[in-house]
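Heads up: the structure comes next, in C-alpha cells.
All of the numbers you see were taken from the coordinates with simple rules; none came from a lab. Just so it is clear, the structure is predicted and the values come from calculations on it, not from any experiment. Quick reminder, even Gly has a Cβ in these numbers, built from the backbone with ideal geometry, and neighbours come from all protein chains shown.
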Amino acid sequence: MNAFLDRLGRWCARRHWIVVVAWVLLLAAGILAGRAWAGEFANDYSVPGSESAEGLAVLSADFPQAGGYAGQIVFSAGSDTVADQQAAVSSSMTAVAALPDVLTATDPFSVPSPSPLVSSDGTVAYGPVSWSVVPGSLDASYLDRLDDAVAPARSAGLTVDYGGGAGKIGLVTDDLDSELVGLGIALVLLLVMFGSIVAAVLPLVSAVVSVLTGLSAVGLLAALLTFPDAAPTVATLLGLGVAVDYGLFLVARHRDQLDHGADVVTAVGRATATSGAAIVVAGGTVVVAILGLYVAGVPFVGAMGLAAAVVVAVAMLAALTLVPALLGLAGHRIQARGDRRAQQAAAEGDAETATARLAALAARSDEAHERSAFARWGRRVSDRPLPWALLSTALLVVLAIPVLSLQLGQLDAGTDPTSQTDRRAYDTLAAAFGPGVNGPLSVVVVIPDGTSQADAGTLLTDTATTLGQTPGVASVGAPNVDQDGDTAILTVVPTTSPQDQATTDLVDTLRTSVLPGVDATTYVVGTTAGYVDFTAKIAARMPWLILTVVALSFVLLTVAFRSVVIATKAAVLNLLSVGAAYGVVVAVFQWGWGSSWIGIEQDLPIPAFVPMLMFAIVFGLSMDYEVFLLSRVHEAWSATRDAHRSVAIGIGGTARVITTAAAVMVVVFSSFVLDPDPTVKMLAVGMAAAVLIDSTVIRMVLVPAVMSLLGARAWWMPRWMERIVPDIDIEGSAHLARVAAVVPTPRSGDDAAAEAPAREPTRPAP
C-alpha cells in the first residue's frame, strides 16, 4: 500500500493541474446533478416489525384515510373567537384537503358540538391533516401552495400556524454561519501552527471541496433513500472536521520531508506513503464505525450514518489526491518563510557542501522534535506512568458519572425555536387544550370477523370507556370506523407532553395492561408511539453496535500495528473517552449545566439515536489520533527498541500536529451549536467534548503512561497470528528504507530537484 500511495502522491504532484481541474469538474457536476435530481430529506422514525409499524400497515391496507402522517392547521383569533370567522376556516380546510398528498383534512367546525377541536374559550381551533408522505419531504413550493390554501383565514384576521409534521414542510436548515465561524477560527489555528498562509489555506480548500462534493452525492442518494433532515448537517459537521485534519496531517508530514532535503514531488510521495497510509486506516475505521449504525436495524439511524460515511469517504479520497496536487502546485511556498530562507542559504555553494548543510538542517529538525516541550512532557509521563495513568483514569470516570442518570426520550416541537411555526403551534395548542394534544395516540381496533354492527358498537364504546379511565389519559375521541366496518381508530389524548416520560409510560401501560383485555386485535400508533418503539429498538441494539464497532476496530488496529495489545488498549481507552463525552452531554442537556449559553432554556431528554451516533463517530475519530500517534511511536520503537524514548519521540513528532488538528475539530464541531436544532447542538457538544478529552487526557497522558507501563509487551502478538496477519507497514518505514533518498541539488526550482538522480540513503529516511 505504501508504494502505491507513494506513486499516487507523486503523480498527483506532477500532474497537479489535471487533478485540480478534475476535482473542480466533479464538484460542478455534483452540484448541477443535485439541482436536477437530488431528493428531499425527511425524518421517518418508523421501525420495521414494531407494533406502531404493523398498526400503520393495517391502516394503510384497510383504512388509508385514517392513516398517513399527521399535522395540524392551527387557527387563533386573539381576543375574538375563531367561530366569528368560521366560513374562512372552513374554506381554508377545504382548500387544504384539495392539495396533493393530503389524505384527510378535518374542518374543526364540522365535528358535532361541542367540538374537541375548538378550545373552551373559542379563541383557538385546529384542523387535523394527514398526508400520504412524510410532510418534511415536501419542498418550499408545496409550502407556498399550503400558504395559498389558508389565505382566506389569514385574510379574515386569524393567525395560522402549522403544527406537527405540517410545521416541517419546506423547512431548510442553513448551517452557513456555523461553517464560516468554524472555518474562520480553523484558519487562524492553522496559521499559528504553520506560519504560512499557503499551508494554512490548503487543508481548508480541500475540506470545502470534498464536503461539497460529498453532500452532492448524498443529495443524489436521497432520491433513492430516505435520509433524515439532520443528515446533511451531521455529514457536514463530521466531514469538515476530518477533512481539515487529514489535510493538516499531510501538509505537516510533507513539510517535514522538505525540511529533510527532499524535493517537492518526492516529499509529496513520501508524505502520501506515510501519513496517507495512516489516513486510509483512520478514515477506513471512521467509515466502518459509522456504517456500523445499520446494526441498529432502524432505517433512520442507518441512513444518518450512511450520509456521514459518504462525506468522510470523499474527504479521504480528496486527502489522497487533491491535497498532493495542491502541495505540488504550492511548491516550496508551503514552507514558512524562515525555513525557505534557511534551506536556500544551505543550498548555496558546491554540491557536496550543500548536501552537508542540508543534512545538518534535517538533523536539527529531528533533534528539535525529540527535545520539544511535547517530547519533554512525554518523558515526564513515561518516568512516572502509574500515577499519571490512575489520575487520568479517575478524571474520565468522574466525567462519565452523569451517564448513570441518562434518560432516553424524544424531542418534540416544544424544543424548537419560537421563530418556527411548529413551535408557535405547539405553544398555542398546549395553552388552549393541554400539553397532550401535541402528541395524541391512535388506538387501532381490528373488529373480529362476524361481529354484528351492534356488537362492534358495544366493543368500541367499552374500549373508549376503558381508555378514558386509564390514568394519564385526558380524553378519548369518538371511534372512527371504516366503510367496511372492520377497522376503527380512537384518538387518545394524554395529560402530558410527547417528550414527558409519563407519556412513554402511558404507551407501555396501554399496550401491556389495558388493551390486552379488549376482545380484538389492537395497535397503539401515531408519532409519539412510533418514537417509543424507535427508542426501545435503539436501546436494545446499542450493545450490539458497541460490540460490532469495537470488534471491527480491533481487527483494523491489529492489522495496522500487528499487536493485539495495542488494539485492546485502544478499545478500552476509547470506550472511556466515549463514556466521558456521554457524561458531558447528559450534564449539559439533561441536567442543564450551562445549556442556556447555547440557546437551550429547558432540561431535555436525550434522543435515543444521539448516543448511538456519537459512539460510532467518536470511536472512529478516536482511532484517527490513535493511528497517527502510534504510527510515529511504532516507527521510533522499530528504530530504537527503547519504549520510553519511542513514546517521547512519537509525542514530540506528532503532538503539535495532533493538538492543532484536535483544536480545529473542536472549533468546527462547537460552531454547530449555532444550529437551532437541539439534536445538532447535542452532537456538536458531545463530539467537541470527546475530541477535546481524547486529544488531551487520552493522547497526552493516558496513552504514554500505558505505553510506558507495557514497554515491549505493547507490540506483542501471538506467533500463530503473525503468520496470518498482513503487514501493511502503516508508518511506511520499510517502504522508505527501500527507496533511494533524493538529495536536492544546489539548483533552484522544484522541477530541477524533482529530476535529481536517486542515491542510496546515508541515514534512515524520515
Kirkwood Rh and Cα Rg combined as Rg over Rh, evaluated for segment 68-168: 0.95
Neighbour count of at most 12 Cβ within 10 Å plus DSSP loop: longest GluC sites (Glu not before Pro)-free window in the chain: 1-347
Where Rh is the Kirkwood radius over Cα pairs, Rg/Rh for the chain: 1.07
Modelled FRET efficiency - R0 45 Å, residue 559 with residue 458, Cβ distances, 0.05 increments: 0.10
Extended-chain gain in nm, criterion 0.36 nm per residue less alpha-carbon gap, residue 140 and residue 35: 36.4 nm
Leading residue at positive end of dipole, the chain (Cβ point charges), from 693, 41, 278: 278
Dipole magnitude of segment 68-168, debye to nearest 20 (Cβ charges: Lys/Arg +1, Asp/Glu -1, about Cα centre): 140 debye
Folded to 0 to 90 degrees: helix 373-383 orientation relative to the chain principal axis, Cα: 80 degrees
Segment 25-182, relative contact order in percent, only Cα pairs under 8 angstrom and at least six apart counted: 29 percent
Cβ crowding within 10 Å averaged over residues, with 656-666, 671-681, 441-451 ranked highest first: 656-666, 671-681, 441-451
Farthest positive-ward along the chain dipole, Cα basis, beta-carbon charges - from 542, 437, 703: 703
Residue exposure sequence - 256, 383, 482, 245 - by fewest surrounding Cβ within 10 Å: 383, 482, 256, 245
Sequence-distant residues sharing a close amide H with residue 412 (under 5 Å, placed H): 499
Efficiency of FRET between residue 57 and residue 223 - r from beta-carbon atoms, R0 30 angstrom, step 0.05: 0.75
0 to 90° range, to nearest 10: angle between helix 564-585 axis and the chain longest Cα axis: 50 degrees
Peptides 213-221, 412-420, 532-540 ordered by average Cβ neighbours within 10 Å, highest first: 213-221, 532-540, 412-420
Surrounding net charge for residue 74, when Lys and Arg each add one and Asp and Glu each subtract one, Cβ distance under 11 Å: -2
Unit charges on C-beta of K, R, D, E only; dipole of segment 421-533, Debye: 440 debye
Local electrostatic count, residue 589, Cβ distance below 10 Å [Lys/Arg +1, Asp/Glu -1]: 0
Convex hull volume of segment 421-533 per residue (C-alpha atoms, cubic angstrom): 105 Å³
Relative contact order (percent, whole number), the chain, Cα cutoff 8 Å, 6+ residue spacing: 19 percent
Signed unit charges on C-beta, dipole axis of the chain, positive-most listed residue 426, 85, 26: 26
Projected area, mean over directions - segment 1-115, Cα convex hull, nm²: 16.1 nm²
Computed FRET value (nearest 0.05) for residue 480 with residue 154, which takes r as the C-beta separation and R₀ as 30 Å: 0.55
Environment charge at residue 484 (Cβ cut-off 13 Å; Lys +1, Arg +1, Asp -1, Glu -1): -4
